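Notes follow once the structure below has been shown.
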Amino acid sequence: MAKITFPVEASHIMMFARSIGDTNPVYHDAEAAKKTEAGGIIAPPSFAQSVAQFNPDYFLRPKPGQPWFGSGKTASGVEGKASSSGGLHAEQHFEFHRHIGPGDVLSVETKPGASWEKESKRAGKLMFRESITEYRDQNGNLVITARSVGVTTERPVSQG
Amino acid sequence: MALKASALKVGDTHSERVVDNLSRTQIVQYAGTSGDYNPLHTDEVYTTQVAGYPSVFAHGMLTMGLTGKMLTNYVGDGRLTKFGVRFTNQVWPGDTLDATATVAAIREEGGVKLVDLTLSTVNQDGKEVMTGNATARAD
């Protein structure tokens, strides 16, 4: 995948913190954040995943003029799609070399990692795919390394 | 406030209720900020009629974010060096989640004091929805 440019912005961090119910001023109040050890606003640890906003081709965002698999006139805008549960997120790991904040402009590159299969009682055959994402800052320094594992299930995960 | 290594011992825990009665609206809010608009999280019609689930469910990353709130409250701002999780069960609208960090090790690496934590987030039925590990710099 091509490199994605991820400008880290204060309003995005504020909205992200709200969406996880985190009222810590270090995520939204520049004056209060200055007095903390962080020295200014920083992003919550799992914020890095919001790089999806800056991926022009991100497949989980509806795009003008293109069919979308969610509901509209019908239950799915893409007919004939298998009723499989599609991909689910199995694991996510972050390693922080530095905590990012507003003003950082990250260059983000994702590379495929290992893939493997497993049989499960709750969802049939599971296909796992790993990807490694490196976030570098405007000085070329590695700031975050992320490892993500996605799983595609044979059928929806049974509950209970 | 950062952790003080000398005041910690293996087995110490910190718990927080990180969400009470999770709303579909909060899941929508998370979709908007993360950019993950997978209809499995926000579109009840698609999720029940096409995907075959009983209702929409939260992004795993929302559970990670909620758990991260407990974690940063405990270890201090900007102190995490590692944070990794496995999503073990789905989180549904109406769920109430409690997240716990347990001190697994206190060590020093290159003169830096580090605390290793194991993480567990459970729902109102005591079912574990996420497990994980984290490492933070301590004083």
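The values are calculated or read from the model by the stated rules, or taken from the named source; none is laboratory data. On a predicted model such as this, the values are computed, not experimentally measured, just so you know. All Cβ positions, glycine included, derive from the backbone under ideal geometry; neighbour counts span all protein chains shown. SASA here: full protein model, heavy atoms, side chains in, ligands and nucleic acids out. Shrake-Rupley method; radii C 1.70, N 1.55, O 1.52, S 1.80 Å.
Points worth noting:
- Every pair of residues 6+ apart whose Cβ atoms lie under 6 Å, when the first sits in the range A:70-97 and is over 15 Å from B:Thr47 (Cβ atoms) while the second is modelled with pLDDT of 95 or more and hydroxyl-bearing (Ser, Thr, Tyr): A:Gln92/A:Ser148; A:Glu95/A:Thr145; A:Phe96/B:Thr81
- Residue within the range A:105-126 that is closer than 23 Å to B:Thr72 by Cβ and either under 15 Å from the mean Cα position of the chain (by Cα) or not charged (D, E, K, R) (or both) present: yes
- Candidate set from the range A:14-39 (those that are touching a Gly at 6+ places or on another chain (Cβ under 9 Å) and over 14 Å from B:Lys69 (Cβ atoms)); member that is most open to solvent (accessible area, probe 1.4 Å): A:Lys34
- Highlighted here are the strands (runs of 3 or more DSSP E) found entirely within the range A:55-160 that include at least 2 residues which are under 19 Å from B:Met64 (Cα atoms) and open to solvent by less than 60 Å² (accessible area, probe 1.4 Å): A:87-96, A:124-136, A:142-153.
- Cβ-Cβ contacts under 9 Å between residues 6 or more apart (or on different chains), taken from a first residue in the range B:11-35 that is under 21 Å from A:Gln49 (Cα atoms) to a second residue that is β-branched (Val, Ile, Thr) and open to solvent by 50 Å² or more (accessible area, probe 1.4 Å), are listed as B:Arg24/B:Thr42; B:Ile27/B:Thr42; B:Val28/B:Thr42; B:Ala31/B:Thr42.
Yes/no matrix, rows are residues, columns are (1) among the hydroxyl-bearing types (Ser, Thr, Tyr); (2) facing chain A (nearest Cβ under 7 Å); (3) farther than 29 Å from A:Ile41 by Cα:
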| position | (1), (2), (3) |
| --- | --- |
| B:Thr13 | yes, no, no |
| B:Ala31 | no, no, no |
| B:Pro39 | no, yes, yes |
| B:Val75 | no, no, no |
| B:Leu80 | no, yes, no |
| B:Leu114 | no, no, no |
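- Total residues in the range B:41-69, condition farther than 24 Å from B:Ala134 by Cβ and either open to solvent by 20 Å² or more (accessible area, probe 1.4 Å) or facing another protein chain (nearest Cβ under 8 Å) (or both): 12
- Among residues of the range A:1-20 that are outside any loop (DSSP other than H, G, I, E, B), those with a beta-carbon under 9 Å from a residue that is of a type in the set (Lys, Arg) at least six positions away or on a different chain give the pairs A:Ala17/B:Lys69.
- Annotation for the range A:137-159: at least one member residue is more than 9 Å from chain B (Cβ to nearest Cβ), within 24 Å of A:Ala2 (Cα to Cα) and touching a helix residue (DSSP H, G or I) at 6+ places or on another chain (Cβ under 7 Å).
- Failed item in (1) more than 7 Å from every other protein chain (Cβ to nearest Cβ); (2) crowded, with 20+ Cβ neighbours inside 10 Å; (3) outside any helix (DSSP H, G or I), with A:Ile42 passing the rest: (1)
- Filter result (modelled with pLDDT of 95 or more and more than 17 Å from the chain's Cα centre (by Cα)) within the range A:129-160: A:Asp137, A:Gln138, A:Asn139, A:Gly140, A:Asn141, A:Leu142
- Scanning the range B:115-139 for residues that are buried (at least 18 other Cβ atoms within 10 Å of the Cβ), farther than 20 Å from A:Leu88 by Cβ and touching a residue at least 60 places away in the same chain (Cβ under 8 Å) yields B:Val115, B:Ala134, B:Ala136, B:Arg137, B:Ala138.
- Filter pass, B:Tyr37 being of a type outside the set (A, V, I, L, M) and either within 11 Å of the chain's Cα centre (by Cα) or within 19 Å of B:Ser15 (Cα to Cα) (or both): no
- Filtered residues of the range B:96-115 (kept if acidic (Asp, Glu) and within 15 Å of B:Gly65 (Cα to Cα)): B:Asp98
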